[in-house]
Amino acid sequence: SIAGTGPALVVAADGADDLHNVAEMRRLYAAGNKLVCATRYATGGDQTGGPRLQRWLSQWVSRFLQKHQAIPVSDATNSFRLYDAAIVNEVGIESRHGSTVALELTAKFAARCDSMAEVPTTRKVDEGAPTRLGLWKRIKYSWEWFAYALRHRRQDQRPLAKTHSTRHSSHV
């Protein structure tokens, strides 16, 4: 669980996340969104570096879940998020692998129909950085939350909050 209430920001320890997005994420949280995702897959977002197959699989999973109305955001797996800590404490975190926490919490917030927003971001992954969890293990551990999102999808999902990033001229 997370101590306290209010916004809880999660960023990568490796410096891959663009912290210029934090002010916009906080603004969207203050506007009532319970989960704000920094997304690589919305217009204006991108990722450089990292294993190509892993990037493709993450993008495919995210698009599949969004298309099938399991989640309202375009990036289900990026860990760079701003969560409402009280809701995280309420729904709990069951994942034992950091790479699956974002997918788990996004699926749980979507199942509750909590309001969400996203901000385009660029994630810069160091090509030489070792991954702690191989691709097949990521798939194995993520499968549970992928299936959860599909089982708990709601036809009455709240629409995604529109945002205008100061770094990009496109609406998400």
- [ ] Beyond 21 Å between alpha-carbons counts as too far, so tell me which of Lys67/Lys108; Lys34/Lys140; Lys67/Lys124 fall in that bin.
- [x] Lys34/Lys140; Lys67/Lys124
Task: Taking Thr39, Thr121, Thr100, Thr48 and counting other C-beta atoms within 10 Å, the order from fewest to most - done: Thr48, Thr100, Thr39, Thr121
Open item on the list: What three numbers, in Å, describe the spread of the alpha carbons of region 7-151 along their principal axes, ordered from the longest?
Closed with: 38, 34, 27
Task: Whole-number percent relative contact order across region 7-151, with pairs defined as alpha carbons under 8 Å at least 6 apart - done: 38 percent
Open item on the list: Using Cβ contacts closer than 10 Å as the measure, can you line up Glu90, Glu118, Glu104 from fewest to most?
Closed with: Glu90, Glu104, Glu118
Task: Order of Arg27, Arg81 - criterion: other Cβ atoms within 10 Å of each residue's Cβ, fewest first - done: Arg27, Arg81
Open item on the list: For region 7-151, give me the percentage of DSSP beta bridges that are antiparallel, rounded to the nearest 5 percent.
Closed with: 45 percent
TODO: Calculate the dipole size of region 7-151 relative to its Cα centre from +1 charges on Lys and Arg beta carbons and -1 charges on Asp and Glu beta carbons; express the result in debye to the nearest 20.
DONE: 400 debye
Open item on the list: Suppose the Debye formula is applied to equal point scatterers at every Cα of region 58-126; what is log10 I(q)/I(0) at q = 0.18 Å⁻¹?
Closed with: -0.69
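Quick note: the coordinates plus some simple rules give every number you see, no bench work behind them. Note that this is a predicted model, so its numbers are computed, not measured. Note: ideal-geometry Cβ built from the backbone for every residue, glycine included; neighbour counts use all protein chains shown.
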